[in-house]
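A.B. asks: Handing you this structure, nothing more for now.
The values are calculated or read from the model by the stated rules, or taken from the named source; none is laboratory data. Computed from a predicted structure; not experimentally measured. Note: ideal-geometry Cβ built from the backbone for every residue, glycine included; neighbour counts use all protein chains shown. Remember, those area values only see protein heavy atoms, side chains included, never the ligands or the DNA or RNA. Shrake-Rupley method; radii C 1.70, N 1.55, O 1.52, S 1.80 Å.
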Amino acid sequence: MTEGSTTEPPVATPSTQMLVDPRFMPVADLFFRMFYKPSQGGGALACYLHGEPVLDIWAGWAARDKRWTRDTVVLSFSTGKGVASTVVHRLAERGLLDYDAAVAEYWPEFAAAGKETITLRQLMSHRAGLHRSRGLVPGREGLLDSEAVAAALAASPPDPRRFHGPGYHAVTYGNLVAEIASRVSGVSFQELVRTEIAEPLGTDEFWYHVPEDQRHRIARVFPKVNFLPAPWTTASAVLSRAPGVRGLAEAGMAEGFDELMRSPSAHDAVMPGWNGVFTARALARMYAAIANGGAIDGARLLKEDTVGQLLEVQTRRRDYVLGIRPNWRLGYHPGWVALRQQPLRSVGHYGFGGSGAFADPETGLSVAFVTNRMGNTFTTISDGRFPRLGAAAVTAARRAA
């Protein structure tokens, strides 16, 4: 493991080595304590400060008999929503999209069932009322058919609760923005990810449909997706009728989704709301550009004015799916960390199971964490590892200022 310098920015290291800036040593120590045995799985953590890498580390197991390496990638669930949103902002900068235009201007079929006035801004802040994935398309693998999902969403009536607050589009968000982006650009969404994100950043590992020759790098996700004491289908049906959690069941508990998330077929489709596969290094580099005014290493990912718009809170109302006030931005939420003094001017997205990434322009920090160990024995949603790591990184960045 190499160490950076406290006086000069750390430089890129050979592919077999890790990078730890001494100022971020406490963050690295916390990370390494999380992965001592195969049952804890593995993960990777990467950070940039003012556009320079300060952490690039990994540990643990990609599978029970396989160690995590520098090149390991992993399914990161909703973490991919942040990447998908960044694609949309790149297109908006070129005038292909207007946040306040009706979605139906770009996708005429979307006007069905009373959705003709819903704007892109409302959709990107989860106020389109199209959160339902349960029952959206038939079949246990129906969600892998992007065209069928898009057609079903275009035909669906919006939930009237959208007038009272946002409702997290846990699964459907990615399909919605991907369809809009593809229609205005004329190319597939995966091609857009390559040309709008991967190529400008010089980093390949932004995948929804994972190339066949790269799938050997994917870490095994475990131990389970269903964290409930009943079969997935039964639990989904019961919760969809229970006050307080009905929205969550509708949004994230489609038929067979627990099996689909662990199936190799999940890597055959482009479902940007949940099936993104990344390295922490790639995610941290994207958010490093956002934290650094939109540019990194002389390459501009977003304009400074665009970054300013990303930081603006679109709605402070309670989310009827999540039951909290996420303070949605345009495709992101703030970087929630385990600190009393939160980085309130931050943007990012966390994923089911514990992965996540965010940018904090106030400190110039970006942080990304990916893992194959979903939660712990008590909860699959998250066990707080990333909020703790994020807190340690924010603390280190503030001290470095």
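A.B. asks: Condition (residue is at pLDDT 95 or above and under 21 Å from the mean Cα position of the chain (by Cα)) applied to region 95-117: is it met by at least one residue?
C.D. replies: Filtering region 95-117 down to residues at pLDDT 95 or above leaves 95-117.
Subset that is under 21 Å from the mean Cα position of the chain (by Cα): 99.
Yes, because at least one residue in region 95-117 is at pLDDT 95 or above and under 21 Å from the mean Cα position of the chain (by Cα).
A.B. asks: Return the pairs, sorted by first residue and then second, in which the second residue is open to solvent by 10 Å² or more (accessible area, probe 1.4 Å) and of a type outside the set (K, R), the first residue lies in region 254-274 and is in contact (Cβ under 8 Å) with a residue 12 or more places away in the chain and closer than 14 Å to F222 by Cβ, the beta carbons are less than 7 Å apart, and the residues are 6+ apart or on different chains.
C.D. replies: Hits for this filter: D258/N226; D258/W232; R262/V221.
A.B. asks: Exactly one of (1) in contact with a Leu (Cβ under 7 Å, 6 or more places away or on another chain); (2) among the charged types (D, E, K, R); (3) modelled with pLDDT under 95 is unmet by R388. Its number?
C.D. replies: (3)
A.B. asks: Sort out which residues of region 307-319 are in a loop (DSSP other than H, G, I, E, B) and open to solvent by less than 30 Å² (accessible area, probe 1.4 Å), and write them in order of number.
C.D. replies: Just the residues of region 307-319 that are in a loop (DSSP other than H, G, I, E, B), to begin with: 311-319.
Hits for region 307-319 are L311, T315, D319.
A.B. asks: With respect to the numbered conditions (1) touching an Asp or Glu at 6+ places or on another chain (Cβ under 6 Å); (2) without any contact (Cβ under 8 Å) to a residue 40 or more places away in the chain, which one is the sole condition not fulfilled by A152?
C.D. replies: Only one criterion in (1) touching an Asp or Glu at 6+ places or on another chain (Cβ under 6 Å); (2) without any contact (Cβ under 8 Å) to a residue 40 or more places away in the chain is unmet by A152, namely (1).
A.B. asks: Six or more apart or on different chains, Cβ atoms under 7 Å: show the pairs whose first residue is in region 172-200 and under 13 Å from L301 (Cα atoms) and whose second is among the acidic types (D, E) and surrounded by fewer than 24 Cβ atoms within 10 Å (Cβ to Cβ).
C.D. replies: These pairs meet every condition: A198/D204.
A.B. asks: Can you pull out every residue in region 326-369 that is outside any loop (DSSP other than H, G, I, E, B) and either among the polar types (S, T, N, Q) or farther than 19 Å from R285 by Cβ (or both)?
C.D. replies: Let us first name the residues in region 326-369 that are outside any loop (DSSP other than H, G, I, E, B), namely 333, 347-350, 356-360, 365-369.
The answer is H333, S366.
A.B. asks: I need the full set of residues from region 55-71 which are open to solvent by 10 Å² or more (accessible area, probe 1.4 Å) and either under 22 Å from the mean Cα position of the chain (by Cα) or of a type outside the set (A, V, I, L, M) (or both), in order please. Quick ask: steps written out before the conclusion?
C.D. replies: Step one: list which residues in region 55-71 are open to solvent by 10 Å² or more (accessible area, probe 1.4 Å), which gives 56, 58-59, 61, 63-71.
Of everything in region 55-71, those that are open to solvent by 10 Å² or more (accessible area, probe 1.4 Å) and either under 22 Å from the mean Cα position of the chain (by Cα) or of a type outside the set (A, V, I, L, M) (or both) turn out to be D56, W58, A59, W61, R64, D65, K66, R67, W68, T69, R70, D71.
A.B. asks: Right, next: Scan region 186-222 for residues that are among the charged types (D, E, K, R), out of contact with any strand residue (DSSP E or B) (no Cβ under 9 Å at 6 or more places or on another chain) and surrounded by 15 or more Cβ atoms within 10 Å (Cβ to Cβ) and report the count.
C.D. replies: Count: 1.
A.B. asks: Anything in region 281-306 that is assigned to a loop (DSSP other than H, G, I, E, B) and either at pLDDT 95 or above or surrounded by 22 or more Cβ atoms within 10 Å (Cβ to Cβ) (or both)? List them, or say none. Show your work before the answer.
C.D. replies: Going through region 281-306, the residues assigned to a loop (DSSP other than H, G, I, E, B) turn out to be 292-294, 297-298, 301-303.
Hits for region 281-306 are N292, G293, G294, D297, L301, L302, K303.
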